[in-house]
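Trainee: Below is one structure. I have some questions about it.
The values are calculated or read from the model by the stated rules, or taken from the named source; none is laboratory data. In this text the structure is predicted, and so the values were computed from the model without any measurement. Cβ: placed from backbone, ideal geometry, glycine included. Neighbour counts: every protein chain shown.
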């Protein structure tokens, strides 16, 4: 599978995966710190990182890897985010969703140019 052929599959998956943590982050913002909650957040970002890496999107993979490191600190109790930090993490989720749309749009443009030629 090439990067170009996998792009349409990656974007919907990344978009879907990147919306899953939003309600969970809101629970985090309200003060919940259960292991189940923290693991759910970590798994959602980890899934996006894995998909990005396996489908050839290193920029998204690198970004989510760094985000995953922060979330691992959160799971270990080394980081206790205040509401502003949770807002920043939500902005990171939005960034992943926005970034994952770019490759799909580019693939669609390439396909349109090939069809027109």
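Trainee: From 8, 12, 23, grab the single residue that is exposed (fewer than 12 other Cβ atoms within 10 Å of the Cβ), in a helix (DSSP H, G or I) and modelled with pLDDT under 95. Even if it seems obvious, please write down each step before you answer.
Mentor: Numbers: 8 fails: exposed (fewer than 12 other Cβ atoms within 10 Å of the Cβ); 12 fails: exposed (fewer than 12 other Cβ atoms within 10 Å of the Cβ).
Within the list 8, 12, 23, the selection yields 23.
Trainee: Continuing with this model, one more query. Output the residue which, of all residues in segment 46-68 that are in contact (Cβ under 8 Å) with a residue 40 or more places away in the chain and part of a helix (DSSP H, G or I), is surrounded by the fewest Cβ atoms within 10 Å (Cβ to Cβ). Step through it out loud before you land on a result.
Mentor: Let us first name the residues in segment 46-68 that are in contact (Cβ under 8 Å) with a residue 40 or more places away in the chain, namely 48, 51-52, 55-57, 59-60.
Now narrow it down to the ones that are part of a helix (DSSP H, G or I): 48, 51-52, 55, 59-60.
Details: 48: 30, 51: 20, 52: 25, 55: 21, 59: 11, 60: 24.
So, considering only residues that are in contact (Cβ under 8 Å) with a residue 40 or more places away in the chain and part of a helix (DSSP H, G or I), the one surrounded by the fewest Cβ atoms within 10 Å (Cβ to Cβ) is 59.
Trainee: Regarding residue 74, is this residue within 14 Å of residue 22 (Cα to Cα), touching a residue at least 24 places away in the same chain (Cβ under 8 Å), part of a helix (DSSP H, G or I) and in contact with a helix residue (DSSP H, G or I) (Cβ under 8 Å, 6 or more places away or on another chain)? So that I can check it myself, show each step before the final result.
Mentor: Working: within 14 Å of residue 22 (Cα to Cα): no; touching a residue at least 24 places away in the same chain (Cβ under 8 Å): yes; part of a helix (DSSP H, G or I): yes; in contact with a helix residue (DSSP H, G or I) (Cβ under 8 Å, 6 or more places away or on another chain): yes.
The answer is no for residue 74.
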